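J.: Handing you this structure, nothing more for now.
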Amino acid sequence: MRLLPGPLRRKNGDNGKADGNGNDDQPKSDIPGALLVSRERDEAVINGRNGQDAKEQKALQRERLKEAATEVPATVVGWVDERTGMGPFARGFMFRKVPKGTNWFYTLGSASMFAFLSQAVTGVFLAMYYRPSADEAYTSIQHINNEVFAGELVRGMHRWGATVMVVLVFLHMGRTFFFGAYKYPRELNWIIGVVLVLLTLMMALTGYLLPFDQRSFWATVVAVNINASGPVIGPYLADFLRGGAEFGATTISRFYALHMLLVPGLIAALIGAHLYLVAKLGTTAPPWLKAEKKRELAKEEI
Amino acid sequence: MNGREKEQYLREYHVMKGQGKPFFPYAVAKDSFMAVFVLLVIILMAVLFGAELGPKADPTTTTYTPRPEWYFFFLFELLRVVKPPEFVFAATIGIPTLCLILLLLLPFIDRNPERHPLRRPIATLTGIAVIVAMAYLTVEGALAGAPTEIELKTAPGLEAGRSVAASSGCLGCHRIGDNGNAGPGPELTEIGDRLRAPAIRRTLLNPTAPMPSYRGLSQKNPEQFSELVQYLSSLR
């Protein structure tokens, strides 16, 4: 107690007394006619007791804090739920039942989405250094490769992540096809999936030009010319992509905008719709399990 | 699927779903494991193969043979398989668009209620055939190198033009003698029979898609360009 500065000590003492009075019902110290000695002794006792009380009080307070802290997530979730009403949907999404027998093939969809997320994150870091103009694109990529910390790793992850994503998307589509998972009631989700495949390929195509080396430039020239050979809208589409009749300064910023804003935005939105339908309609059961089910039912019927 | 089959499916699926396990944590655990695996593969590929950057894009050169990313090889190869020029449109836009439309309409084309791959042989075989065809086209596209040599006998005085032709990427799309790819461009072995030098010059400057224009070469290196035209018109 002596170690504490004056005002604090007095305050402590007062608190102790007040608490002592309130909790333990000890009015002795405040009796005016009490003997000085006994009063001092009482005070000493009370102070001692007060010390213990304070300890207990602290422990109690700590526990209360702990309880409050553990309730914080629940409180926050409750607060959000009260204002969004998302609780039932989130619970329905996370704790929905998935039929027995779903194997590793069923992870291909979420893996594709994860590859997309990885592309988004690495893409954001590349965008911090990339400059989408015919003059600067190549040098900014050189800068990323040679000077930026872990630049080559992040660019390599983005470049090879594209390959991994294309492969995963096609594998996911193959799984859906061979398991007959595109059939009623999931036809719409198949269509959304095919659009997502197309958008993924568009990402690969528009991203290919951005490093602006010989390989990417000439491959893109041919790709755009292929577009131009289409009927009716072909030439207009090619003009739109090039930003004119010839490959020019606007071409690269056009591809950049498509690659950064339009296509990934569409992909994110369609992944949301795709997932919503998966949660709503449920994960398909493996087709061979359905056959067993039929046999069981047949037996029961007999 | 008619109404009865739909209802039967929904009822059966409801039973199977009821017997299943909750998405969290069972499916989430598998998905997370897969996500970590995918990330490791991406990092491993990035470390092993790096982020290659070729020479800077130069619109004035035509010496570069365009090569798409490997997963576009099947489309690229489709262009080279289709030879007659009047069908090039079919290869560039026609077949891919048709495939895309078929893919989009798949649930409406295949209305067989059966889902087991072995009990719907037509769908399964079609799927396997498509995969084999795409794999074949991809491998062919990968093996088709970027030849830069022409072995055809050349009249004296035209060697310069031959080397320009060989290094200008013509062989990426055209066949000259035993060299070059069979498409998407027409064979040039006897082009001199069909086109005179001025026509060849015009075609090089204003080609039909998807061939790139050689205007850049004609502006940067007029001698090389005229050597190229002379060489091509000598092929007959």
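Bear in mind these aren't lab numbers, they're just calculated from the coordinates by the rules spelled out. The model shown is predicted, which means the values in this text are computed figures rather than measured ones. Note: ideal-geometry Cβ built from the backbone for every residue, glycine included; neighbour counts use all protein chains shown.
J.: To the nearest 10 degrees, how steeply does helix B:3-18 sit against the main Cα axis of chain B, on a 0 to 90 scale?
T.: 70 degrees
J.: Taking the simple approach of a point 7 Å from Cα along Cα-to-Cβ for both A:Arg62 and A:Thr250, what is their distance in nm?
T.: For the pair A:Arg62/A:Thr250, the computed spacing is 7.0 nm.
J.: Next up: Testing the spin-label approximation: label points 7 Å from Cα along Cα→Cβ at A:Val80 and B:Tyr136. State their distance in nm.
T.: Distance between the two pseudo-spin positions: 5.2 nm.
J.: Between segment B:169-224 and segment B:1-74, what is the C-alpha centre distance in whole Å?
T.: Here the answer is 40 Å between Cα centres.
J.: Using amide H atoms built in the peptide plane, which far-off residues or other-chain residues are under 5 Å from A:Val98 H to H?
T.: Those lying under 5 Å, H to H, from A:Val98 are B:Lys21, B:Phe23.
J.: With a 10 Å Cβ neighbour count serving as the proxy for reagent exposure, in which order, fewest first, do B:Thr189, A:Thr250 appear? It would help to have the intermediate numbers written out before the result.
T.: Numbers: B:Thr189 17, A:Thr250 13.
Ascending Cβ contact count within 10 Å gives the list A:Thr250, B:Thr189.
J.: Also, I was wondering about something else. Using square roots of five times the C-alpha gyration tensor eigenvalues, list the equivalent-ellipsoid semi-axes of segment B:159-234 in whole Å, biggest first.
T.: In descending order, the three semi-axes are 17, 14, 13 Å.
J.: So, one more: Helix B:222-234 versus the longest principal axis of chain B: what angle, 0 to 90°, nearest 10, using Cα atoms?
T.: 80 degrees
J.: Which value at 222 nm does chain B reach when only helices count, each DSSP H run of 4 or more adding -39,500 (n - 2.57), with the total divided by all residues and rounded to the nearest 500 deg cm²/dmol? Before the final figure, lay out each step's value.
T.: Working: 11 runs with 125 residues, N = 236.
Value at 222 nm, helices only, nearest 500: -16000 deg cm²/dmol.
J.: Please list, in chain and number order, the residues 5+ apart from B:Arg175 or on another chain whose amide H is under 5 Å from its amide H, with Hs placed from the backbone.
T.: The list, which skips near neighbours in sequence, is B:Glu187, B:Leu188.
J.: Counting other beta carbons within 10 Å of each residue's own, what order do B:Cys99, B:Cys173 fall into, fewest first? Walk me through the intermediate numbers first.
T.: Values: B:Cys99 14, B:Cys173 22.
Listing B:Cys99, B:Cys173 from fewest to most nearby Cβ atoms yields B:Cys99, B:Cys173.
J.: Follow-up question, since we're still on this one. Could you tell me the calculated FRET efficiency between A:Thr139 and B:Leu143, based on Cβ-Cβ distance and R0 = 35 angstrom, to the nearest 0.05? Please list the in-between numbers first.
T.: Details: r = 35 Å, r/R0 = 0.99.
Efficiency for this residue pair is about 0.50.
J.: Is there a pair in A:Lys97/A:Lys183; A:Lys66/B:Lys17; A:Lys97/B:Lys6; A:Lys66/A:Lys100; A:Lys66/B:Lys21 whose C-alpha atoms are over 30 Å apart, and which pairs would that be? All intermediate terms of the calculation are to be shown ahead of the outcome.
T.: Working: A:Lys97/A:Lys183 20 Å; A:Lys66/B:Lys17 40 Å; A:Lys97/B:Lys6 21 Å; A:Lys66/A:Lys100 40 Å; A:Lys66/B:Lys21 34 Å.
From A:Lys97/A:Lys183; A:Lys66/B:Lys17; A:Lys97/B:Lys6; A:Lys66/A:Lys100; A:Lys66/B:Lys21, over 30 Å: A:Lys66/B:Lys17; A:Lys66/A:Lys100; A:Lys66/B:Lys21.
J.: With a 10 Å Cβ neighbour count serving as the proxy for reagent exposure, in which order, fewest first, do A:Thr220, B:Thr97, A:Thr251 appear? Let's see the in-between values first.
T.: Values: A:Thr220 25, B:Thr97 13, A:Thr251 21.
The order, fewest Cβ neighbours first, is B:Thr97, A:Thr251, A:Thr220.
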